[in-house]
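Each value in this text was obtained by applying a stated rule to the coordinates, not by laboratory testing. Everything numeric in this text was worked out from a predicted model, so none of it was measured. FYI the Cβ positions are ideal-geometry reconstructions off the backbone, even for glycines, and counts take in every protein chain you see.
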Amino acid sequence: MSLIVHKYGGTSMGSVERIQNVARRVAKWHAAGHRVVVVPSAMSGETNRLLGLAKEINPQPDGRELDMLASTGEQASSALLAMALLSQGVPARSYTGWQVPVLTDSSYTKARIRSIDDTRLLADLDLGRVVIVTGFQGMDEGGNITTLGRGGSDTSAVAVAAAIKADECLIFTDVDGVYTTDPRVVPEARRMTVVSFEEMLEMASLGSKVLQIRSVEFAGKYRVPVRVLSSLTDPLLPLEEEMTSGTLITFEEDQKMEAAVVSGIAFSRDEAKVTLLSVPDIPGVAYSILGPVAAANIDVDMILQNQSVRGTTDFSFTVNRNDFVRTLDLLNNQIGPAVGAGEIVSDDKVCKVSIVGIGMRSHVGVASLMFRTLSEEGINIQMISTSEIKTSVIINDKYMELAVRALHKAFHLDEDKSEA
Ligand code: ADP
Ligand code: ASP
Ligand code: MG
C-alpha cells in the first residue's frame, strides 16, 4: 500500500465522460489499497474562457480579482470529480486551495507556494477517503486567493506530494509521457522511458509545457518521484502496467543516458526581443538598463551586449511576449533617455529553440551541428545562449517548426536507440 498523488490535466478532465473515467481510474487505485490524493485541473478551455471574460471587462484586469475568478475552474472540476467518485461508491472529498490551506506569496497570477498544511488531507486519508485538492491555486497570508501561473496544477500536485511525503506523483495528461520534443510538432518524436531531472528542468524552463517548471523544481528540492503518463488509456488498465508506463523523472544518471548527447528539443513562442542601439559603453550601463526592468517585475531571459565601437555598443535582451508592451514603454519613456541610447528597435515575432542533453557536457561540436543545421535551412540566428547542458537560439518565429524538425532529425532523435 502506498501514498500516491494523481494529477489530471484539462483535457483529461474535459467532459463529464472523461471525469467519470478519471473517477474509474482513481477508484481502481483506491480499491487496490492505495491512499490517493487527486489534483485536478479545470476542464479544458475553462481557464481561457474565464480569463477571456475578464479581458472583456478590462484589458488589464486587477490581479486579485483575476485570481478570484480563474481559481473557480478547478473548484468546479474538483467537485465534479468528487461527485463522480461518490456515485461510483468511493468515499471522496474535495477541497479548494484555501481550505487546505496551500499558503503562497501574494504575487497574483504567478504566486509561489510557501507551505501546505497536511492535517486535513491526512485525516481524510485515514478515514479511507480519496482526497481531492484543486490544482493551480492557494491563499496568501491575508487570506486572498492566488493562482500559480498557467500550467500551475502540475506544481500543486508535486507540492502536495512533497507535503504529505507521497511515494510517487503521477501526472496524467493527454500524451503518454515526455517525448524528445512536442509530438504535436514532430510526429516522429519518441517517448523517453526515463528522463534525468536536470534535463527535465531545462526542457520545462525552455518551453516544454508538458510540466510547469516549478513542479520540476519542487520534485528536485523534495526528491519526489514524478511520472508523466496518459490519462486516455483504458481506466481499468491493470495497475502493474500503469505503474511502469509513461516517463519517470530520475535523479540518477546512468550510462545509457550519458550516451545521448542531445536528449530533447524545446521551443517557446512566448518571446520578444528589444535592442537599444548606440548606448555608451561605460560601467553601470547594464544595470541602468536592466535595473528598472527588474523593478517593474519583468523577467529578462537572454542578454547580449556587443563589442563596443567608438565608445558605444548595442544592447539586446529578450522578455516574455506578455511583457513586451510594458518593456517597450519603459525603454522608450524612461530607460532609453536616461542612458542616452540611440534608437530602440524591437521584434515580438521571435521564438526560442533549444537543444538539451546532459551528454553535451562531455562532447564537443554539438552547438556547431545545431548552427550548421539551421544554416542549411536558411534560418538566421539572432541570439545564442549556452549553458552546460543546453544551447538556445532566438530566431524568427515563422521558422520555429522547421527548425525543431530539422534539429530533431540532425541529432537522430527520431531513431530507435533501444537496440544499441
Ligand atoms: P495538461 O492539460 O494535462 O496539463 P498540457 O497541455 O499542459 O497538458 O501539457 C501536455 C502537452 O505538452 C502535450 O499535449 C504536448 O503537446 C505538449 N508537449 C510539449 N513538449 C512536450 C514533450 N517534450 N513531450 C510531451 N509533450 C510535450
Ligand atoms: N487551469 C490552469 C491553466 O489552464 C492550470 C493548469 O491547467 O495546470 O493554466
Ligand atoms: Mg499542463
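A few points about this structure:
- Relative exposure of LEU206, LEU148, LEU122, judged by other C-beta atoms within 10 Å (fewest first): LEU122, LEU206, LEU148
- The 3J(HN,Hα) values that the Karplus relation (6.51, -1.76, 1.60; θ = phi - 60°) gives for region 65-71 are, in residue order, 6, 4, 5, 4, 6, 5, 5 Hz. Gly and Pro appear as x.
- Fewest-first sequence of LYS110, LYS349 by Cβ atoms within 10 Å of each Cβ: LYS349, LYS110
- Once backbone amide H atoms are built at 1.01 Å from N, THR313 has SER278, VAL279, ASP281 as its partners under 5 Å, excluding neighbours fewer than 5 places away on the same chain.
- Gained length - ALA338 relative to ALA79, 0.36 nm times residue gap less alpha-carbon distance: 87.9 nm
- Exposure proxy order (Cβ contacts within 10 Å, fewest to most) of MET43, MET200: MET43, MET200
- Projected area averaged over orientations for region 3-252, convex hull of C-alpha atoms, nm²: 12.9
- Rounded to the nearest 10 degrees, the angle from helix 285-295 to the longest Cα principal axis of the chain is 30 degrees.
- Pairs of Cα atoms in region 304-420 fall into 5 Å distance bins, from 0 up to the last occupied one, in shares of 2, 9, 17, 17, 17, 14, 10, 7, 4, 2, 1, 1, 0 percent.
- Expected-Rg normalisation [2.2 N^0.38 Å, Cα atoms] applied to region 206-323: 1.61
- The angle separating the long axis of helix 16-31 from the principal Cα axis of greatest extent in the chain is about 60 degrees.
- The lysines whose alpha-carbon is closer than 16 Å to the alpha-carbon of LYS273, local same-chain residues fewer than 8 away aside, are LYS349, LYS352, LYS398.
- For region 264-411: relative contact order, % (alpha-carbon pairs under 8 angstrom, 6 or more apart): 30
- The Cα-based radius of gyration and maximum Cα-Cα distance (Dmax) for the chain are 23.0, 78 Å.
- Couplings for region 179-189, taken from phi via the Karplus curve 6.51 cos²θ - 1.76 cosθ + 1.60 with θ = phi - 60°, read 9, 4, 7, 4, x, 6, 9, 10, x, 7, 4 Hz in order; Gly and Pro are left as x.
- Per residue of the chain, the DSSP helices (runs of n ≥ 4 H) give a summed -39500 (n - 2.57) that works out to -10000 deg cm²/dmol at 222 nm.
- Sites SER2 and ALA367, calculated FRET efficiency, Cβ-Cβ separation with R0 51 Å, nearest 0.05: 0.75
- Charge dipole of the chain about the Cα centre (unit charges at C-beta), most positive-ward option of TYR108, VAL133, SER392: VAL133
- C-alpha long axis of helix 400-410 to longest principal axis of the chain, angle in °: 80
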